[in-house]
Amino acid sequence: PNPFNPTTIMELTMPVAGDMQVDVYNLRGQVVATLASGYMDANTYTLTWDAADAASGMYFVKAQAGGFVMTQKLMLVK
């Protein structure tokens, strides 16, 4: 769900095995959470971000794998 409070669940499908990096950024471009990092097999993954310690506001989740990059906005409302 978006907006969310205080946790959100994202589903990510890796069509081929490889290195994957999924980070959450604040508006200043600082990494506030790493949801996945390293080699992952081809599969569908469920990633959870518990933002209980984060401030309300807009965040970006950025997924990188095999030269593919996807960014999505998240709105945390407490």
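The values are calculated or read from the model by the stated rules, or taken from the named source; none is laboratory data. No experiment lies behind these values; they were computed from the predicted model shown. Cβ sites come from the backbone with ideal geometry, for glycine too, and all protein chains shown count toward neighbours. Remember, those area values only see protein heavy atoms, side chains included, never the ligands or the DNA or RNA. Shrake-Rupley method; radii C 1.70, N 1.55, O 1.52, S 1.80 Å.
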### Message
Given (1) open to solvent by 50 Å² or more (accessible area, probe 1.4 Å); (2) at pLDDT 95 or above, identify the lone condition not met by PRO15.
### Response
(2)
### Message
With the structure loaded, tell me whether VAL16 is in a loop (DSSP other than H, G, I, E, B) and touching a residue at least 24 places away in the same chain (Cβ under 8 Å) or whether it fails that test.
### Response
yes
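Residues are listed down the side, and each one gets a yes or a no for (1) in contact with a helix residue (DSSP H, G or I) (Cβ under 6 Å, 6 or more places away or on another chain); (2) part of a strand (DSSP E or B); (3) touching a residue at least 60 places away in the same chain (Cβ under 8 Å); (4) not small (Gly, Ala, Ser):
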site: VAL22; (1), (2), (3), (4): no, yes, no, yes
site: LEU27; (1), (2), (3), (4): no, no, no, yes
site: ALA33; (1), (2), (3), (4): no, yes, no, no
site: SER37; (1), (2), (3), (4): no, yes, no, no
site: THR44; (1), (2), (3), (4): no, yes, no, yes
site: TRP49; (1), (2), (3), (4): no, yes, no, yes
site: VAL61; (1), (2), (3), (4): no, yes, no, yes
site: THR71; (1), (2), (3), (4): no, yes, no, yes
site: LEU74; (1), (2), (3), (4): no, yes, yes, yes
### Query
What are the residues in region 35-56 that are under 9 Å from the mean Cα position of the chain (by Cα), open to solvent by less than 50 Å² (accessible area, probe 1.4 Å) and not small (Gly, Ala, Ser), if any?
LEU35, LEU47, TRP49
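Scan region 24-34 residue by residue and report those that are under 17 Å from MET75 (Cβ atoms) and either surrounded by 12 or more Cβ atoms within 10 Å (Cβ to Cβ) or among the hydroxyl-bearing types (Ser, Thr, Tyr) (or both).
Filtering region 24-34 for residues under 17 Å from MET75 (Cβ atoms) gives 24-28, 32-33.
The answer is VAL24, TYR25, ASN26, VAL32, ALA33.
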